[in-house]
1. Shape verdict for region 34-122, please, from the Cα gyration tensor: rounded (a/c under 1.5), prolate (a/b greater than b/c) or oblate.
2. Provide the gained length on full extension for the span Cys208 to Asp105, in nm with one decimal, where the gain is 0.36 nm per separating residue minus the Cα-Cα distance.
3. When only Cα pairs under 8 Å and 6 or more residues apart are kept, what is the percent relative contact order across the chain?
4. What is the Cα convex hull volume of region 207-322 when expressed per residue in Å³?
5. For the chain, which whole percent of the accessible surface, found with a 1.4 angstrom probe, sits on carbon and sulfur atoms?
6. If I stretch the segment between Asn78 and Lys314 completely, what's the gain in nm (0.36 nm per residue apart, minus their alpha carbon distance), one decimal?
7. For the chain, what does the alpha-carbon gyration tensor say about shape, rounded, prolate or oblate, given a ≥ b ≥ c as the root eigenvalues, a/c under 1.5 as rounded, and a/b over b/c as prolate?
8. Alpha carbon centre of region 80-121 versus region 267-299: separation in Å?
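The values are calculated or read from the model by the stated rules, or taken from the named source; none is laboratory data. For clarity, every value in this text was computed on a predicted model and none was experimentally measured. The accessibility values were calculated without ligands, DNA or RNA, using every heavy atom of the protein model including side chains. Shrake-Rupley method; radii C 1.70, N 1.55, O 1.52, S 1.80 Å.
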Amino acid sequence: MHPRNYFLLKHRDFILGYAKNQNSYEYVMSEWLRASGVYWCLTALKLLNNSDLKEDDLFEFVMSCYNEEKGGFGASENHDPHLLYTLSAVQILVMINRLENVDKDKVVNFVVTLQQSDGSFWGDEWGEVDTRFTFCAFATLVLLDRLKDCDVNKGVHFVLQCKNFDGAFGCVPGSESHAGQVFCCVGALSIARKLHLLDVDQLAWWLCERQLPSGGLNGRPEKLPDVCYSWWVLASLKIIGRTHWLDKPSLIKFILASQDEETGGFADRPGDMVDPFHTLFGLAGLSLLGDQHLAKVNPVLCLPQTLVDDLGLKLETVSSNS
């Protein structure tokens, strides 16, 4: 029996159960990233072609995270606004078709005022700089159809300053290459339509070196494989048109081995505890690999492709023949 068919309903039930059990230890201790957690759960359900979460409740939660004075969203009610959770909130609003119910001007102003003179973005008012925040800013603005409100060229310049000798990217100039940062930088360049500035083959080689004998992918050399890199690495390769450089059957085998056949859900690697984060990115990886039982996912925004199409977004990718 094919395991993708066998466990799909259990993955749905795992996500729904996780969302409903608000008295669990895991739920209580994840308050600091709840907006992203809701995004992971909702997107996983959308990829499973299921949206049983109540959209009115989702909207109420998202707006409870909104800071009307500053214009951004925090991780949960009464948390400081941050770019990470502002993107998650906007992604949720896209999926529940409530984007028109927020003050876009205030959200845009929150994002663009975090851009610095060197093109980088702070995550919030406290000044941390990271290429993750460049991606979050670009992605939030493009979903709001306001990318032109920031200095895109300066943002691109900062991203390119974070490129290393191996062709990959770090979180700031001079920092270690990491697959998560590669995704953020490649995604930002895709949104900015600047992928021609990449050395595609050199970057693809570094990304493909992340595949281990188990078939799984790691985030940097000498690390263990992790299901989440089935998204960060594979989506980057999808954007630059080089997924055919990977051993796809071995990667599928690794992802499926990380399922829990009793509870549903995916873990970081076989035998570990499952969670919504790895469940989403395991499913998203399988979607990128062509699983016909799942909705097609957009490799830049990690949203169902149909929703990205409905917004009229044409995000840049590189042809696999180039």
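1. Since a/c reaches 1.5 and a/b is larger than b/c, the shape of region 34-122 is classed as prolate.
2. That works out to 33.0 nm of additional length.
3. So the answer I get is 17 percent.
4. Hull volume normalised by residue count: 108 Å³.
5. 49
6. 81.4 nm
7. Note, shape of the chain comes out oblate.
8. That distance is 26 Å.
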